[in-house]
Amino acid sequence: MNAVLLVVNAGSSSLKFAVYEADARLARLGGGQVDRIGRGPPLRAVRPGETTRLLPLPADAGQAEALDAMLRWFDAEFADRSLAIVGHRVVHGGTSHTAPAVVDDAVLARLEALDPIVPLHQPYNLGAIRRLRERAPRVPQLACFDTAFHAHWPDVARRFALPRALHEEGVRRYGFHGLSYEYLVGETRRREPKARRLVIAHLGSGASVCAVDDGRSIDCSLGFTALDGLPMGTRCGPLDPGVVFHLLRSEPATPASVEKMLYHGSGLLGVSGISADMRELLAADAPEAREAVDLFAYHCTRQVAAMAAALGGIDALVFSGGIGENAAVVRERICAPLAFLGVTLDAGANARNAERIGGGRTPVLVLPTDEEVVIARACRDALASG
């Protein structure tokens with residue numbers, strides 16, 4: 001019986017999954033995605049060459065129900081195949097995990113302790129692991145960490161200017177979106193083999209910018225939590241910590257209400273008062289929508305320039321993510337002030353969302369990311385070493 005491996009990327013309101021041959025080729029056999037969990041979407045389960053199959057979910061379905069529907073699909077489609085391993089995206093590995101880890105009770109306990117740092121991600125990543133352990137207790141589960149790609153930053157990029165004891169306790173900058181960056185580094189190197197200093201912008205509902213020197217991350221706009229660096233769909237981005245004290249002194253604010261506002265009521269949604277979706281904002285005529293777009297682009301420009309400074313120059317700029325791949329107007333606004341770095345755009349190529357959109361001395365690429373295949377490769381390596 002030929003074995004397959006399953007990759008699961010579970011978030012607070014979405015579930016992505018993919019099935020691969022468990023061999024060196026890692027041929028993708030199928031996969032799917034659930035969006036807007038809790039609001040009654042279908043589960044889209046697709047195998048190459050087949051018609052999309054829609055598995056409806058009830059309106060009140062949560063992550064557990066979405067995972068169960070995924071497993072029913074898997075059992076029906078791959079009844080003649082054995083499941084060798086399940087790989088999971090886990091956003092935070094802390095200081096203990098700088099490489100993929102097979103999950104046991106001790107590993108799960110360490111990862112659960114990080115839930116408060118990334119509350120939009122970690123509890124849902126680990127919830128998927130627990131559900132799969134219940135449903136397939138003999139199948140190994142491999143956790144692959146977004147923080148691992150950033151594990152070798154120089155100390156000057158890692159530290160906050162806080163008492164040293166806090167740093168030793170783990171209050172430090174970690175960086176996220178590492179699985180996406182790992183994939184994009186490989187894809188960029190294939191296209192621009194001489195480009196050593198890369199600035200990569202992963203721009204979606206969650207957004208960040210990363211500096212990569214010769215394949216290794218040296219800094220990222222995201223730090224201790226997934227709030228920092230850039231305004232995002234509903235997250236605030238860079239914020240003077242004194243603002244939090246001000247909000248907490250304002251009645252009837254509580255730590256929980258301020259946290260909710262910073263994670264769920266800020267960013268594009270908070271500034272515009274209209275939507276967290278860049279597509280809707282670009283289509284809107286309201287000045288508040290334009291202001292939100294302008295603010296996002298401004299902070300992206302600042303971060304690209306900051307990462308280029310950390311690298312001592314830039315050999316290529318890469319855009320990815322839903323905004324980075326599809327919003328030509330946003331890319332144009334980000335790049336317009338960066339001519340001093342050799343970044344200029346070919347207007348026609350940019351409007352077409354072409355792969356190469358740079359018209360200056362610095363290549364500018366638009367590349368789709370694939371976190372799932374990075375996890376699949378880690379699963380393949382774990383099987384080979386085990």
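The values are calculated or read from the model by the stated rules, or taken from the named source; none is laboratory data. Note that the structure is predicted; figures quoted are calculated from it, not measured. Note that we place each Cβ from the backbone using ideal geometry, even for glycine, and neighbour counts take in every protein chain shown. Just so you know, the surface numbers come from the protein's heavy atoms only, side chains and all, with ligands and any DNA or RNA stripped out. Shrake-Rupley method; radii C 1.70, N 1.55, O 1.52, S 1.80 Å.
One table, with the values for the structure above:
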item	result
Per residue value of the accessible surface for the chain (all protein chains in place, 1.4 Å probe), Å²	45
The chain: angle of helix 287-311 to the longest principal axis, Cα-based, in degrees nearest 10	90
Estimated distance in nm for a label pair at Ala347 and Val243, the labels positioned 7 Å out from Cα along Cα-to-Cβ	3.5
Protein accessible area in region 1-147, 1.4 Å probe - carbon and sulfur %	49
Relative contact order computed over the chain (Cα-Cα under 8 Å; 6+ residues apart), in percent	14
Degrees separating the helix 63-77 axis from the principal Cα axis of the chain, which is the longest one	50
DSSP-defined beta bridges in the chain - what % are antiparallel, rounded to 5	65
Potential extension, Phe224-Val156 segment - 0.36 nm per residue separation minus Cα distance	23.0 nm
Stretchable slack from Lys260 to Ile274, in nm (0.36 nm times residue separation minus alpha-carbon distance)	3.3 nm
Solvent-accessible surface (1.4 angstrom probe) belonging to Glu65, in square angstrom, nearest 10	90
Largest-first ordering by accessible area, 1.4 Å probe, given options Thr147, Thr234	Thr234, Thr147
Length released on extending from Asp214 to Arg110, taking residue separation times 0.36 nm less the Cα-Cα span	34.3 nm
Zone residues, region 330-351, relative to Arg190, backbone N less than 19 Å from point 7 Å out along Cα-to-Cβ	none
DSSP-defined antiparallel bridges as percent of all bridges, region 67-214, nearest 5	65
On Cα atoms only, tilt of 255-264 relative to the major axis of the chain in degrees	90
Within-13-Å neighbourhood charge of Ala201 [Cβ basis; K, R +1; D, E -1]	+2
